[in-house]
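S.K.: Below you'll find the structure I mean.
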Amino acid sequence: MKNSIKVERAKKNITQAELAKLAKVSRQTINAMELGKYVPSTVLTLKLAQIFEVEISEIFTLEDSDWV
Amino acid sequence: MKLNFLFPNEFKKIGWIILIPSAIIGLVTLIYNYEPTFLDFNVPAIFIDKFSLSDEKQLFGTVSNNILNEILGILIIISSLLVAFSKENVEDEYISKIRLESLVWAVYFNYGILIFSFLLIYDFSFLWVMIFNMFTVLLFFIIRFNWQISKLKISAYHEE
């Protein structure tokens with residue numbers, strides 16, 4: 001799964017640490033998601049969409065490898 | 001996700017404070033076979049099978065025993081549990097995933113070493129394997145988990 005957390009973060013002009021605080025997760029988690037090393041839960045996905053004020057599908061997109 | 005069987009974060013520090021000295025004292029007293037006489041007691045026991053001429057077997061009773069190794073063993077187990085299973089500062093879903101992966105890894109690694117020891121270590125030397133194996137699952141988990149977390153912290157630190 002691809003995500004545009006970094007882009008959304010840049011639009012809002014907030015750091016990883018600030019986003020972590022808003023979403024009530026650790027900074028490592030934000031970093032791991034941006035690097036594509038961690039796929040977040042539904043709850044965290046919904047939180048991020050709410051923080052960025054966009055639809056989930058604007059942040060997260062499926063890749064072909066997700067269907068394998 | 002609310003129930004996770006973990007201790008509050010503050011217990012991790014308490015765990016380390018107890019674990020480090022008891023592990024060092026435990027190791028030293030084990031190696032030098034140190035048993036101070038003031039800790040000799042008659043203690044209640046079950047499944048008694050005395051290793052002596054009388055060949056005494058009892059279901060319940062008392063035995064004379066030096067309780068230093070019992071005290072240290074219990075301290076090491078409880079403090080390792082606190083270190084291993086206290087929450088991180090922010091215990092979120094990703095940290096929980098790493099916790100689980102580290103636990104699986106530690107169990108595999110521990111039993112891998114045990115199988116290896118079964119095949120190569122015999123007689124009295126195997127007693128040492130059994131003694132250490134009582135504590136190594138937790139020890140391997142603690143090492144692996146904290147190593148993974150610190151790797152993440154470093155990687156997140158470089159990002160900004």
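S.K.: Based on the Kirkwood radius over alpha-carbon pairs, what value in µm²/s does the Stokes-Einstein equation return for the translational diffusion coefficient of segment B:8-87 at 25 °C and 0.890 mPa s?
M.R.: The calculation lands on 168 µm²/s.
S.K.: Next question. Pop out the ³J(HN,Hα) list for segment A:26-34 in order, Karplus 6.51 cos²θ - 1.76 cosθ + 1.60 with θ = phi - 60°, rounded to Hz; leave Gly and Pro as x.
M.R.: Coupling constants for segment A:26-34: 7, 5, 4, 5, 4, 4, 5, 5, 4 Hz.
S.K.: So, with +1 on the Cβ of K and R and -1 on the Cβ of D and E, and no other charges, what is the size of the charge dipole of the protein assembly as shown about its Cα centre, to the nearest 20 debye? Please report the intermediate quantities before stating the final value.
M.R.: Details: 21 positive and 24 negative charges, 127 e Å.
Using only the charged Cβ atoms, the result is roughly 600 debye.
S.K.: So what J values fall out for segment A:51-66 if you push phi through Karplus, 6.51 cos²θ - 1.76 cosθ + 1.60 with θ = phi - 60°, rounded to Hz, Gly and Pro as x?
M.R.: 4, 7, 6, 9, 6, 4, 5, 7, 9, 10, 9, 6, 10, 4, 5, 5
S.K.: I want the local charge near A:Tyr38. Using Cβ-Cβ distances under 12 Å, sum +1 for each Lys or Arg and -1 for each Asp or Glu among the other residues.
M.R.: Working: positive: A:Lys37, B:Lys97; negative: A:Glu34, B:Asp92, B:Glu93, B:Glu101.
Spelling it out: positives minus negatives among the neighbours equals -2.
S.K.: Between A:Val54 and B:Ile113, what's the calculated FRET efficiency when r is the beta-carbon distance and R0 is 35 Å? Round to 0.05.
M.R.: Numbers: r = 50 Å, r/R0 = 1.42.
Plugging the Cβ-Cβ distance into 1/(1 + (r/R0)^6) gives 0.10.
S.K.: Can you work out the Karplus-derived ³J(HN,Hα) for every residue in segment B:121-133? Use 6.51 cos²θ - 1.76 cosθ + 1.60 with θ = phi - 60°, whole Hz, and x for glycine or proline.
M.R.: 10, 10, 6, 5, 4, 5, 4, 5, 4, 5, 4, 5, 5
S.K.: Still on this model: Please list, in order, the residues from segment A:5-46 whose amide nitrogen is less than 15 Å from a point placed 7 Å along the Cα→Cβ vector of B:Lys153.
M.R.: Residues passing the 15 Å test: A:26-29.
S.K.: Which one, B:Thr37, B:Thr136, B:Thr29, has the greatest fluctuation when you compute a Gaussian network model over chain B with C-alpha springs under 10 angstrom?
M.R.: Maximum among the listed residues: B:Thr37.
S.K.: Another one. Which far-off residues, 5 or more places away or on another chain, put their amide H under 5 Å from the one on B:Asn9, with H placed in the peptide plane?
M.R.: Close amide H contacts, sequence-distant or interchain: B:Lys87.
S.K.: Quick one: which residues, 5 or more positions from B:Gly61 or on another chain, have an amide H under 5 Å from its amide H? H modelled 1.01 Å from N in the peptide plane, none for Pro or chain starts.
M.R.: B:Ala45
Every read-out reported here was derived from the displayed coordinates using simple, explicitly stated rules and does not represent laboratory data. Note that the structure is a prediction, hence the values are computed from the model and not measured. With ideal geometry, Cβ positions are generated from the backbone for all residues, glycine too; neighbour counts draw on all protein chains shown.
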